[in-house]
Amino acid sequence: MGDIILQTENLSKSFKRQKIVEDLSLTIPRNTVYGLLGPNGAGKSTTLKMITGMLRPNAGKILFNGREWNRNDLQDIGVLIETPPLYENLTARENLKVRTIALGLPQSRIDEVLKIVDLTNTGKKRAGQFSLGMKQRLGIAIALLNYPKLLILDEPTNGLDPIGIQELRKLIRSFPEQGITVILSSHILSEVEQVVDEIGIISDGKLGYQGVAPQGQELESLFMQVVSTNRKVGI
């Protein structure tokens with residue numbers, strides 16, 4: 001199956017005896033866009049938080065670059081989960097400068113990531129005045145600062161208008177050519193199918209399908225089949 005950047009083996013997480021993720025085994029090929037699909041509450045965000053060290057699994061393993069994950073691997077992972085972590089009273093450049101200083105990165109990296117996300121010409125405009133799409137792109141720029149090999153995006157198109165979605169879709173699709181693998185979580189099938197190479201579909205914390213993404217009605221049918229099957233067995 002080619003070169004693998006990340007795997008989870010029987011990953012599980014419970015809160016107060018409620019199973020949120022159960023025996024989840026994902027395989028993420030390098031330099032691809034991998035879509036982690038599932039309805040709201042399926043366990044997608046919990047899975048991503050375990051991969052990024054924000055939550056500790058109750059059981060299972062996470063393998064990064066062929067060895068067991070440890071916190072040092074975070075230097076190779078960029079993350080945008082939920083709301084972009086912005087200082088709204090600062091400009092895009094100032095937001096990035098705060099992070100480059102904290103991470104000990106060269107100031108030249110600021111211009112590089114602003115160019116990647118097409119925010120070079122925002123000038124003195126403060127982040128609080130940005131459109132939602134611009135805020136999302138600035139959040140991605142922050143996630144790109146440390147030259148990540150893996151970029152994790154959790155529901156990045158939520159609340160965006162059609163133009164913002166189109167711009168973000170084009171940006172995400174460009175990352176594998178730059179040596180960046182993307183894990184993209186979403187419940188919006190029509191958006192995901194246009195950017196992903198492979199998918200994993202989870203429902204009620206369990207993996208129901210993993211592989212090449214079918215298109216259109218076939219993807220919708222597969223998605224509904226996975227969701228209905230897991231609900232039938234009362235997970």
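We did not get these values from a lab; they are worked out from the coordinates using the rules stated. Quick caveat, the model's predicted, so the values are computed rather than measured. Glycine also receives a Cβ, built like all others from the backbone with ideal geometry; neighbour counts cover every protein chain displayed.
Here are a few things to note about the model shown:
- Alpha-carbon Rg/Rh ratio, for the chain, with Rh computed the Kirkwood way: 0.97
- Spacing of the two label points (7 Å from each Cα toward its C-beta) at Asp161 and Arg173, in nm: 2.2 nm
- Out-of-range pairs (alpha-carbon distance over 19 Å; input Lys13/Lys135; Lys44/Lys206; Lys61/Lys206; Lys13/Lys44; Lys149/Lys206): Lys13/Lys135; Lys149/Lys206
- Column: log10 I(q)/I(0), Debye, Cα scatterers of region 95-235, q = 0.10, 0.12, 0.15, 0.21 Å⁻¹: -0.42, -0.58, -0.82, -1.28
- Spatial offset of region 188-212 relative to region 103-125 amounts to 32 Å, using the alpha carbon center of each.
- Comparing Arg93, Arg169, Arg126 in a Gaussian network model of the chain where C-alpha atoms under 10 Å apart are linked, the largest mean-square fluctuation is found at Arg126.
- Calculated P(r) tail over 24 Å for region 2-106, as whole % of Cα pairs: 35 percent
- Counting DSSP beta bridges with both ends in region 4-232, the antiparallel % (nearest 5): 50 percent
- Mean separation of Cα contacts under 8 Å (6+ apart) over length of the chain, as relative contact order %: 27 percent
- For Lys16, the aspartates and glutamates whose Cα comes closer than 20 Å to its Cα, not counting residues fewer than 8 places off in the same chain, are Asp204.
- Centroid-to-centroid separation of region 127-165 and region 24-68 [C-alpha atoms, Å]: 20 Å
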